[in-house]
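A.B. asks: Pasting in a structure now, in structure tokens, and then I'll have a few things to ask.
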Amino acid sequence: MPAPTCTLGFRIKSGWATTVLLVGPAKAPRVLDRRVTLLADPDDPEARQPYDVKRLIKAVERFSQRSVAKLIAEYRAAGHRVRGAGIVVGSVIDPRRIPNDHIRAHAEEGRLFRRVVEEGLRKGRVPVRVMVEKELYVTAARLRPRVAELGKDVDGPWRAEEKAAALAAWMALTP
């Protein structure tokens, strides 16, 4: 009998992402795992806000590609069929449209960390969908209380980042 379908959800931050693995069915998913996925080398403090230095961008790309590939490989080795992923971001605005240099740099960083997770998932043959956090619960308002309930079965607090990642994974369970 094949393993049940699983999906991943990511809430992207600068240098890391909250990651949740859900197992279906879509009507009643369960959390199998939650963790922080590092997207930048924690031993290089500049790598969390790398957008000003090309060397750091390349380092983030290499580090995050390995990190996402390892995550997918671990889940698959444990017998989980990862069939889709949802990525939650703060914004998808084109940073070139932002006149303020400081805010534009943060938008570039956000785009970089989203892009590297997307690329890592695609390289792992995992279909991916990007969602803006402000629009997430508008799209799936009826699921908000159920997402909160998903946290009952996990140890420790069930934070906003985990709820957003879980909702993105849940939406990826639904065709």
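A.B. asks: With point charges of +1 on the Cβ of Lys and Arg and -1 on the Cβ of Asp and Glu, referenced to the Cα centre of the chain, which listed residue (ILE72, VAL116, GLY15) lies farthest in the positive direction of the dipole?
C.D. replies: The Cα lying farthest towards the positive end belongs to ILE72.
A.B. asks: What relative contact order, as a whole-number percentage, does the chain give when Cα pairs under 8 Å and 6 or more residues apart are counted? Write out the running numbers ahead of the final one.
C.D. replies: Numbers: 320 pairs, mean separation 57.6, N = 175.
After rounding, I find 33 percent.
A.B. asks: Accessible surface of ASP153 in the full protein assembly, 1.4 angstrom probe, to the nearest 10 Å²?
C.D. replies: Per-residue accessible area (ASP153): approximately 130 Å².
A.B. asks: Any chance you could check the Cα centroid distance between the stretch 157-175 and the stretch 1-49 for me, in angstrom?
C.D. replies: Result: 9 Å between the Cα centres.
A.B. asks: Can you tell me the dipole magnitude for the stretch 120-175 around its Cα centre, using point charges on the Cβ only (Lys, Arg +1; Asp, Glu -1), in Debye to the nearest 20?
C.D. replies: 280
A.B. asks: In addition: Cα-Cα over 23 Å: which of LYS13/LYS134; LYS70/LYS152; LYS27/LYS70? Please list the in-between numbers first.
C.D. replies: Values: LYS13/LYS134 15 Å; LYS70/LYS152 27 Å; LYS27/LYS70 29 Å.
In this structure, LYS70/LYS152; LYS27/LYS70 exceed 23 Å between Cα atoms.
A.B. asks: Next up: Classify the stretch 106-175: rounded, prolate or oblate, from the alpha-carbon gyration tensor (a ≥ b ≥ c, eigenvalue square roots; a/c under 1.5 rounded; otherwise prolate if a/b is larger than b/c)?
C.D. replies: Numbers: a/c = 1.68, a/b = 1.58, b/c = 1.06.
Taking the square roots of the gyration eigenvalues as a ≥ b ≥ c, the stretch 106-175 is prolate.
A.B. asks: Could you give the longest part of the chain that holds none of the trypsin sites (Lys or Arg not before Pro) found in DSSP loops with at most 11 neighbouring Cβ atoms within 10 Å? Before the final figure, lay out the partial values.
C.D. replies: Working: sites that count: LYS27, ARG125.
Counting only loop sites that pass the neighbour cut-off, the longest clear stretch is 28-124.
A.B. asks: Using only protein heavy atoms and a 1.4 Å probe, report how much of TRP158 is accessible, in Å² to the nearest 10.
C.D. replies: Answer for TRP158: close to 30 Å² accessible.
A.B. asks: Would you work out if the stretch 42-132 is rounded, prolate or oblate? Take a ≥ b ≥ c from the square roots of the eigenvalues of the alpha-carbon gyration tensor; rounded if a/c is under 1.5, else prolate when a/b is larger than b/c, oblate otherwise.
C.D. replies: Details: a/c = 3.13, a/b = 1.60, b/c = 1.96.
Here the stretch 42-132 falls in the oblate category.
A.B. asks: Further, regarding this structure: Say each of LYS70 and ASP101 gets a label point 7 Å from the Cα, pointing the same way as Cα to Cβ; how far apart are those two points in nm?
C.D. replies: Roughly 3.6 nm, to one decimal.
A.B. asks: Relative to the Cα centre, what is the charge dipole magnitude of the stretch 27-175, using +1 at the beta carbon of each Lys and Arg, -1 at the beta carbon of each Asp and Glu, and rounding to the nearest 20 debye?
C.D. replies: Working: 31 positive and 21 negative charges, 149 e Å.
Its charge dipole is roughly 720 debye.
A.B. asks: Here is a further query. Based on the Cα gyration tensor of the chain, what are the three equivalent ellipsoid semi-axes, each the root of five times an eigenvalue, rounded to whole Å and given largest first?
C.D. replies: Values: eigenvalues 149, 70, 37 Å².
Equivalent ellipsoid semi-axes, largest first: 27, 19, 14 Å.
A.B. asks: Could you report the accessible area of GLU46 in Å², rounded to 10, computed with a 1.4 Å probe on the protein chains as they sit in the structure?
C.D. replies: Approximately 110 Å² for this residue.
The values are calculated or read from the model by the stated rules, or taken from the named source; none is laboratory data. Worth saying up front: this structure is predicted, and the values here are computed from it rather than measured. Every residue, glycine as well, gets a Cβ built from its backbone with ideal geometry; the counts of neighbours run over all protein chains shown. When the accessible area is computed, the model is the full protein with side chains, heavy atoms only, and any ligands, DNA or RNA have been set aside. Shrake-Rupley method; radii C 1.70, N 1.55, O 1.52, S 1.80 Å.
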